[in-house]
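Visitor: What follows is a structure written as C-alpha cells; I'll ask about it next.
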Ligand code: SF4
C-alpha cells in the first residue's frame, strides 16, 4: 500500500477512535506534573490500576519532589511494594525526584533529553509526559499500541523506535498524542492480544486483520 493510502487510512482510524474514546487523558490518576512523572515510572511492568491504588498514600506522604528526594528508601519501598520491582522503582523515583529538585527547580522538564536523563524514564514514559502535560507531539509505543498498529497494517515493525517513526509519518504532529492514547485504549478494550473482538470492533471496516486470518466479517 502506498504511503498516501496508508496515511489516509491512519487518519480514518483516528477519526473513528476519537468518536469511540472521547477522552485522551492517561488512565493513571494524577494531580500535578510531579505526580504523573512518578506514576509513569511506577507503571512499568504493572497495571495503571495497581499504580492508582498506591499513589494516594505515596503522594500524601511525599507531596512534592523535594519531599520524595529526602524520603527514606525503605518507607518508599513499603508503599510501592504492590507495583512490583519495588526496590528498583523506589531508587528510581527517589533519584528522579532528586533530579527535579537539584536540576529543574522542582519542575518536570518538557525536553526529551531532559526527561530521558531522569532515572526510570525511557522514551515511552517521556512521550506520555510530553504529550499529556505539554501538548507536544508524542507517539507512545507500548505493547497495546504496537499490536493494534501491526494488525491494522499501519506498520510491520516490532522495534518500538521504528514503530514510533513510521506511525509519526502517517499523521500530522498535532494528532500524534491523541492517536497514541486512543490506540492504546483500543488495545485494552477490544483488540486483545489473544483474541481480538473483531466482530464488534469500530475499526473493522478499516482493518485487514480479520481477512488475513481467514475470518471475513459479516
Ligand atoms: S478489527 Fe480486530 S484486529 Fe482489527 S483493530 Fe479491530 S479488534 Fe483489532
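Visitor: How far, in degrees from 0 to 90, does helix 33-42 lean away from the longest principal axis of the Cα atoms of the chain, to the nearest 10?
Guide: The answer is roughly 70 degrees.
Visitor: Additional query: Give me the distance between the Cα centres of the stretch 95-154 and the stretch 57-71, rounded to whole Å.
Guide: One Cα centre to the other: 21 Å.
Visitor: Against the longest principal axis of the chain, how steep is helix 176-189, in degrees 0 to 90 to the nearest 10, with axes from Cα atoms?
Guide: That helix lies at roughly 80 degrees to the long axis.
Visitor: Still on this model: Mind checking the angle between helix 123-134 and the chain's longest principal axis? C-alpha axes, 0 to 90 degrees, to the nearest 10.
Guide: In the chain, helix 123-134 runs at an angle near 80 degrees to the longest axis.
Visitor: Could I ask something else about it? At 7 Å along the Cα-to-beta-carbon direction for both residue 53 and residue 18, put a label point, then send me their distance in nm to one decimal.
Guide: Calculated label separation equals 3.6 nm.
Visitor: Across the Cα atoms of the stretch 33-134, what radius of gyration and what greatest pairwise Cα-Cα distance (Dmax) are found, in Å?
Guide: 12.2, 33
Visitor: With contacts defined as alpha carbon pairs under 8 Å and 6 or more residues apart, what's the relative contact order of the chain in percent?
Guide: Numbers: 264 pairs, mean separation 48.2, N = 218.
Reported relative contact order: 22 percent.
Visitor: Can you give me the orientation-averaged projected area of the convex hull built on the Cα atoms of the chain, in nm²? Numbers along the way, then the final one.
Guide: Working: hull surface 48.6 nm².
In nm², the orientation-averaged hull projection of the chain is 12.2.
Visitor: Additional query: Would you compute, from DSSP H runs of 4+ residues alone, the mean residue ellipticity of the chain at 222 nm, taking -39500 (n - 2.57) per run and dividing by the full residue count, rounded to the nearest 500? Spell out each step's value before the answer.
Guide: On the way: 12 runs with 128 residues, N = 218.
That calculation yields -17500 deg cm²/dmol at 222 nm.
Visitor: If you don't mind, there's one more thing I want to ask. Hey, fewest Cβ within 10 Å first, where do 2, 20 land in order? Present the calculation step by step, with values, prior to reporting the outcome.
Guide: On the way: 2 7, 20 15.
Exposure proxy ranking, most exposed first: 2, 20.
Visitor: Okay, next question. By how many nm would the segment from residue 112 to residue 81 lengthen if fully extended, with 0.36 nm per residue of separation less the alpha-carbon distance? Walk me through the numbers before you get to the answer.
Guide: Working: separation 31, 0.36 × 31 = 11.16 nm, distance 2.87 nm.
In short, 8.3 nm is gained.
Values quoted throughout were computed directly from the atomic coordinates according to the rules given, and no laboratory measurement underlies them. Everything quoted here is computed from the prediction, not taken from an experiment. Note: ideal-geometry Cβ built from the backbone for every residue, glycine included; neighbour counts use all protein chains shown.
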